[in-house]
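Below is one structure; the comments refer to it alone.
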Amino acid sequence: MQSRLIKTDGLNQQVLEAGEGPLVLLIHGFPELGISWRAQVEALSRAGYHVAAPDMRGYGGTDKPQGVEAYSILNLVGDMVDLVRALGAETCVVVGHDWGAPVAWHCALLRPDVFKAVAGLSVPFQPRRIKGPPTAAMVAISKRAGLGDLYINRFQAADAHLALEIDTATTLRKLFYAYDGATPADRRSTGFMPEGVDLLDTIADDATLPPWMSADHFAEYVQAFAQGGFEAPLNWYRALDRNWALTAFLQNQRITPPALFVVGEDDPVRHYAGGHEAGLKDWVPNLTRSVVVPGAGHWIQQERSETVNALLLDFLRGLQAANA
């Protein structure tokens, strides 16, 4: 396993990789890094695959362009197309977790010639709404349900990243704790917060690191986000309405490559994406499996690394058998 800097079209990408064989691309989410996939890089590379897990645009050792406009879904998919080519491949299987899942789904939606199969972890594909931009819809849903503000809407504020940067270690410790399957249900985040209450204030001050997170592993995250900040990662969220405006041409288009979906039973994302999970087969007709992992939370590839490794390897072997 090695980490190296790869120059693609206008972007330097820090990539963790190992192995030889068919390419598998692993895309992390928020607040994660390429190192979130270490267990998968090791297992899949040993099984005969070339595995690459980049720090995504705005994260870690990868470039952090200025401005929300640099973080549209088209930019993010383009980065992955460029990376496949830079890694010497023409096609790959793409796997995404959290925010990486929408990127992976859109890779398969936009470039099925490159991304021959897709796996989404934690976040199902969410098709483009025809009734207007997503942030307005999320505000309306939250108000009707009396749930308060969804954190995604709070992140739209131009200064939302500043509160997260006051104490990077505390921010990360609380976020990892609040979405972990080992955290008691009544202390786990729902993603919603009362008006006037900050996200971090909804999470207990005595939050501890999840059982799977070693002190050394946590220190890697703290160092990366202390240096790079949270502005660029939050720009992914701030580009949501821009994504809606840019993707009218995708309206009603379905994802045709073979697909896998995996979610933790106790993943808080299910509070606001459960409907899309239930209807996933309508938009991903070649969905081979949809797996709910008992007792798992949001950080599923780290919480349940052996389970996720087995599911991914089974999916990959099925693809090979089908193409034999």
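The values are calculated or read from the model by the stated rules, or taken from the named source; none is laboratory data. What you are looking at is a predicted structure, and each value in this text was computed from that prediction instead of being measured. Cβ: placed from backbone, ideal geometry, glycine included. Neighbour counts: every protein chain shown. Calculation scope for accessible area: heavy atoms of the full protein, side chains included, ligands and nucleic acids excluded. Shrake-Rupley method; radii C 1.70, N 1.55, O 1.52, S 1.80 Å.
Condition check ((1) under 18 Å from the mean Cα position of the chain (by Cα); (2) open to solvent by less than 20 Å² (accessible area, probe 1.4 Å)) across all residues:
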| site | (1), (2) |
| --- | --- |
| L280 | yes, yes |
| W283 | no, no |
| N286 | no, no |
| V293 | yes, yes |
| I300 | yes, yes |
| R304 | yes, no |
| V308 | yes, yes |
| L312 | yes, yes |
| L316 | no, yes |
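Is it the case that some residue within segment 116-133 is assigned to a strand (DSSP E or B) and open to solvent by 10 Å² or more (accessible area, probe 1.4 Å)? For segment 116-133, residues assigned to a strand (DSSP E or B) and open to solvent by 10 Å² or more (accessible area, probe 1.4 Å): present. The conditions of being β-branched (V, I, T) and in a strand (DSSP E or B) are met by I6. The condition of being closer than 20 Å to P133 by Cα, open to solvent by 60 Å² or more (accessible area, probe 1.4 Å), at pLDDT 95 or above and in a loop (DSSP other than H, G, I, E, B) holds for only one of R242, R254, that being R254.
Within segment 134-169, which residues are assigned to a helix (DSSP H, G or I), more than 13 Å from F230 (Cβ to Cβ) and open to solvent by 50 Å² or more (accessible area, probe 1.4 Å)? A136, V139, I141, K143, R144, A145, listed by residue number. Among the residues of segment 171-196, those that are in contact with a Gly (Cβ under 8 Å, 6 or more places away or on another chain) and open to solvent by less than 50 Å² (accessible area, probe 1.4 Å) comprise Y179, D180, G181, T183, R188, F192, M193. Do we have D267 as of a type in the set (D, E, K, R) and more than 20 Å from the chain's Cα centre (by Cα) here? The answer is no for D267. Taking residues in segment 274-298 that are assigned to a helix (DSSP H, G or I), and partners anywhere that are open to solvent by 30 Å² or more (accessible area, probe 1.4 Å), the pairs with Cβ atoms closer than 7 Å and at least 6 places apart or on different chains are H276/Q126; E277/R270; L280/S290; W283/R254.
Condition check for E265 on (1) closer than 20 Å to A296 by Cβ; (2) buried (at least 20 other Cβ atoms within 10 Å of the Cβ); (3) out of contact with any His (no Cβ under 6 Å at 6 or more places or on another chain): one failure, at (2). Residues of segment 1-15 that are open to solvent by less than 20 Å² (accessible area, probe 1.4 Å) and in contact with a strand residue (DSSP E or B) (Cβ under 6 Å, 6 or more places away or on another chain): I6, Q13, V15.
When segment 16-39 is filtered for residues that are open to solvent by less than 20 Å² (accessible area, probe 1.4 Å) and farther than 16 Å from E220 by Cα, the ones remaining, listed by number, are E17, A18, L23, V24, L25, L26, I27. Taking segment 65-74 as the search range and keeping residues that are in contact (Cβ under 8 Å) with a residue 12 or more places away in the chain and surrounded by fewer than 19 Cβ atoms within 10 Å (Cβ to Cβ), which one is nearest to the chain's Cα centre (by Cα)? Per the stated criteria, the residue is L74.
Here E42 meets each of (1) assigned to a helix (DSSP H, G or I); (2) surrounded by fewer than 19 Cβ atoms within 10 Å (Cβ to Cβ); (3) in contact with a Leu (Cβ under 7 Å, 6 or more places away or on another chain) with one exception, condition (3). Any chance segment 181-201 includes a residue that's touching a residue at least 60 places away in the same chain (Cβ under 8 Å), part of a strand (DSSP E or B) and touching an Asp or Glu at 6+ places or on another chain (Cβ under 9 Å)? Checking segment 181-201: at least one residue is touching a residue at least 60 places away in the same chain (Cβ under 8 Å), part of a strand (DSSP E or B) and touching an Asp or Glu at 6+ places or on another chain (Cβ under 9 Å). Taking L164, is it modelled with pLDDT of 95 or more and of a type in the set (A, V, I, L, M, F, W, C)? Criteria met by L164.
Among the residues of segment 95-104, is any in contact (Cβ under 8 Å) with a residue 60 or more places away in the chain, closer than 27 Å to L209 by Cα and in a loop (DSSP other than H, G, I, E, B)? Within segment 95-104, one or more residues are in contact (Cβ under 8 Å) with a residue 60 or more places away in the chain, closer than 27 Å to L209 by Cα and in a loop (DSSP other than H, G, I, E, B).
Kindly provide the set of residues from segment 45-64 that are in a strand (DSSP E or B) and without any contact (Cβ under 8 Å) to a residue 40 or more places away in the chain, ordered by number.
Those that are in a strand (DSSP E or B) and without any contact (Cβ under 8 Å) to a residue 40 or more places away in the chain: H50, V51, A52, A53.
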